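Participant: This is the structure I have questions about; it appears just below.
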Amino acid sequence: MKKLSPTEFSHLREKTRLVLAGRDPADSYGFVNPPIVRGSTVIYPNTEDFLARKSRYTYGTQGNPTIDALVAALNTMEGGAGVLVCSSGLMACTLPLLATLSAGDHLLVTDSVYRPQRNFCDKMLPKLGISVDYYDPAIGADIASLFKPNTRAVWTEAPGSQTFEMQDIPAIAAACHARDILVMMDNTWATPLFFDSHKAGVDISVQAGTKYYAGHSDVLIGTVSARTPELYAKLKEAWSLLGIIIAPEDAFLTLRGIRTMQIRLKEQMPAGIAMAQWLEARPEVARVLHPALPSDPGHALWKRDFTGASSLFAIELQPAPMKAAAAMLDGLSLFGMGASWGGYESLALPFDCAPYRTATVPDFKGPTIRLHIGLEDIEDLKADLDAGFARFRAAM
């Protein structure tokens, strides 16, 4: 098998690059996949080499061949200057803040941010002397009106967690860069396959690789991609100082998941949209929160900036007591109730974002449910929900 040059590789189409990236059978004794390399200690042949650190690897915390194979694959997908891998999506969210912010700095965060990230901003950053304000995700270029002399970064997420508001990322990026303010984004929902965040002006792009990168609900992993070499160096320094590392088994499983990522999303995207359309027509559903639907307030932005949609969205039920929503959910046989998503299985869980939103006021009148559509047959999933709606009606 001929080894492709970087130029030859860059000319390949996306689907082919996902299959080839991060593997070289010549380095793996001819085996297709890179091996799992476990280890902490690296042995040097002599004192001179040890003192000069003449080794590709110096210690387990600085990486190993399995992790490097994953990083190589991620670099081809993210399109930035470099990618770092972390032990969870939350760690990937917090690393950029720890690496780039200092005491006295000000951070702006979308009000629709991933809640564990919000908890970190509320409970940890103030201890470090960093102030945080939340903003309406629909603010667009008017984000500039919230800038303070000490604003150093703006955190974005499109669509937002739970409520799926779209953000005008290019407009926010333009306003930020005019003031030398960093733009950070959680791009887990769309992945680089459906939204090129760096091209849109995002300086640091985060993925909860647990979701679509790994894709099988058996790995915790996060990734951080930097747009410039300077930012990558700053992130890499913080990554090293904090001792962030992932298990080689997790790197291997994530690399394996990447091979089928496009195929999985190709199946899950239309299934998610079809399910959202079916739910939109249900009398029990007040509205569907999915930016790929023409009825969604963020549809124009999604259509302009994104090339696809994942299979995560939410619905608001008609006004009813929570016991009715519980009756619907508790009897589901194909939808599990779990906090993650992005795997092959369908999930459904209730949520209420009203208690912790501060910059926006959710106007939901009925219970809200987040849905993830997996790889099951969509007609089976509809039948499961149809039975659930019958229980919902009976409990009202």
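Only the coordinates and a few stated rules stand behind these numbers; no lab work does. It should be emphasised that the depicted structure is a prediction, and the values quoted were computed from it without experimental measurement. With ideal geometry, Cβ positions are generated from the backbone for all residues, glycine too; neighbour counts draw on all protein chains shown.
Participant: With charges set only on the Cβ (+1 for Lys and Arg, -1 for Asp and Glu), what does the dipole of the chain come to about its Cα centre, in debye to the nearest 20? Could the numbers behind the result be given before it?
Facilitator: Details: 37 positive and 42 negative charges, 109 e Å.
Its charge dipole is roughly 520 debye.
Participant: Turning to a different aspect of this structure: Just flag the chymotrypsin sites (Phe, Trp or Tyr not before Pro) in region 304-358 sitting in loop per DSSP whose Cβ has no more than 16 other Cβ atoms within 10 Å. Intermediate results must be reported in sequence, preceding the final value.
Facilitator: On the way: sites: Phe306, Phe313, Phe335, Trp341, Tyr344, Phe351, Tyr356; in loops: Phe306, Phe335, Trp341, Tyr344, Tyr356.
Taking region 304-358 and a limit of 16 other Cβ atoms within 10 Å, the loop chymotrypsin sites (Phe, Trp or Tyr not before Pro) found are Tyr344, Tyr356.
Participant: Moving to a separate point now. Could you give the size of the charge dipole of region 318-396 about its Cα centre, using +1 on the Cβ of each K and R and -1 on the Cβ of each D and E, expressed in debye and rounded to the nearest 20?
Facilitator: Working: 7 positive and 10 negative charges, 100 e Å.
Rounded to the nearest 20 debye, it is 480 debye.
Participant: Lys323: which lysines have alpha carbons under 23 Å from its alpha carbon, excluding same-chain residues fewer than 8 sequence positions away?
Facilitator: The reachable lysines, counting only those whose Cα sits under 23 Å from Lys323, are Lys365, Lys382.
Participant: Putting +1 on Lys and Arg Cβ atoms and -1 on Asp and Glu Cβ atoms, find which of Ala247, Ala300, Leu51 reaches farthest to the positive end of the dipole of the chain.
Facilitator: The one lying farthest along the dipole's positive direction is Leu51.
Participant: So for region 245-370, taking the charge dipole from beta-carbon charges (+1 Lys/Arg, -1 Asp/Glu), which of Leu347, Ala274, Ala325 sits furthest toward the positive end?
Facilitator: Ala274
Participant: Using a Gaussian network model of the chain whose springs link C-alpha atoms within less than 10 Å, name the residue from Ala314, Ala69, Ala383 with the highest mean-square fluctuation.
Facilitator: Sorting by GNM fluctuation, first place goes to Ala383.
Participant: Which lysines, on any chain, are close to Lys148 with Cα under 30 Å apart, when same-chain ones fewer than 8 places away are left out?
Facilitator: Cross-link targets: Lys123, Lys127, Lys199, Lys234, Lys236.
Participant: Identify all aspartates and glutamates with a Cα-Cα distance to Lys303 below 15 Å; exclude those on the same chain that are fewer than 8 residues away in sequence.
Facilitator: Glu165, Asp168, Asp196
Participant: So for the chain: antiparallel DSSP bridges make up what percent, rounded to the nearest 5?
Facilitator: Details: 23 of 41 bridges.
Expressed as a percentage, antiparallel bridges in the chain total about 55.
Participant: What is the calculated FRET efficiency for Ala141 to Phe50, with r their C-beta to C-beta distance and R₀ = 45 Å, to the nearest 0.05? Can you show the working numbers first?
Facilitator: Values: r = 54 Å, r/R0 = 1.21.
Using R0 = 45 Å, I get an efficiency of 0.25.
Participant: Can you pull the one-decimal nm distance between simple spin-label points at Tyr59 and Leu128, each 7 Å off the Cα toward Cβ?
Facilitator: Distance between the two pseudo-spin positions: 2.2 nm.
Participant: Right, another one. So what is the calculated 222 nm ellipticity per residue for the chain, using -39500 (n - 2.57) for each DSSP H run with n of 4 or more, over all residues, to the nearest 500 deg cm²/dmol? Spell out each step's value before the answer.
Facilitator: Working: 14 runs with 144 residues, N = 396.
The helix contribution divided over the chain gives -11000 deg cm²/dmol.
Participant: Just want to confirm a number: the relative contact order over the chain, from Cα pairs under 8 angstrom separated by 6+ residues, in percent. Before the final figure, lay out the partial values.
Facilitator: Values: 754 pairs, mean separation 64.2, N = 396.
That works out to 16 percent.
Participant: Which one of Gly209, Gly308, Gly342 has the biggest mean-square fluctuation once the chain is modelled by GNM with Cα springs under 10 Å?
Facilitator: Answer for the Gaussian network model of the chain: Gly308.
Participant: Another one. At what distance in nm do the modelled label points of His177 and Ile263 sit from each other, each positioned 7 Å from its Cα along Cα→Cβ?
Facilitator: For the pair His177/Ile263, the computed spacing is 3.7 nm.
Participant: Here's a follow-up. Given R₀ = 25 Å, FRET efficiency for Asp377-Glu14 by Cβ-Cβ distance, to 0.05?
Facilitator: Details: r = 27 Å, r/R0 = 1.09.
After rounding, the FRET efficiency stands at 0.40.
Participant: Anything in the chain that counts as a DSSP H helix reaching 15 Å or more along its axis (C-alpha) with Kyte-Doolittle mean of at least 1.6? List them, would you? Please list the in-between numbers first.
Facilitator: Numbers: long enough: 65-78 (19 Å, 0.72); 89-100 (18 Å, 1.65); 229-241 (18 Å, -0.34); 248-259 (17 Å, -0.17); 261-280 (28 Å, -0.05); 378-395 (25 Å, -0.03).
The qualifying helices are 89-100.
Participant: Moving to a separate point now. Which of Thr61, Ser145, Ser87 sits farthest toward the positive end of the charge dipole of region 6-259, with +1 on the Cβ of Lys and Arg and -1 on the Cβ of Asp and Glu?
Facilitator: Of the options given, the answer is Thr61.
Participant: GNM, the chain, Cα, under 10 Å: largest mean-square fluctuation among Ile67, Ile373, Ile36?
Facilitator: It is Ile36.
Participant: Here's another thing I want to ask about it. Using a ≥ b ≥ c from the Cα gyration tensor of region 262-395 (square roots of the eigenvalues), is it rounded, prolate or oblate, where a/c under 1.5 gives rounded and otherwise the larger of a/b and b/c decides, a/b for prolate? Walk me through the numbers before you get to the answer.
Facilitator: Working: a/c = 1.65, a/b = 1.12, b/c = 1.46.
Oblate, since a/c reaches 1.5 and b/c is not below a/b.
Participant: Report relative contact order for region 213-341 in percent, whole number only (criteria: Cα-Cα under 8 Å, sequence separation at least 6).
Facilitator: Once normalised by length, the contact order is 23 percent.
Participant: For a Förster distance of 22 Å, can you work out the FRET efficiency between the beta-carbons of Asp218 and Ile36, rounded to the nearest 0.05? Kindly include the intermediate steps, with their values, before the conclusion.
Facilitator: Numbers: r = 15 Å, r/R0 = 0.66.
Computed FRET efficiency for Asp218 and Ile36 comes out at 0.90.
Participant: Okay, moving on. Could you go through region 136-153 in sequence order and give the Karplus-derived ³J(HN,Hα) for each residue, using 6.51 cos²θ - 1.76 cosθ + 1.60 with θ = phi - 60°, rounded to whole Hz, and x for Gly and Pro?
Facilitator: Result, ordered by residue: 5, x, 8, 5, x, 5, 5, 3, 4, 5, 9, 5, 10, x, 9, 5, 10, 7 Hz.
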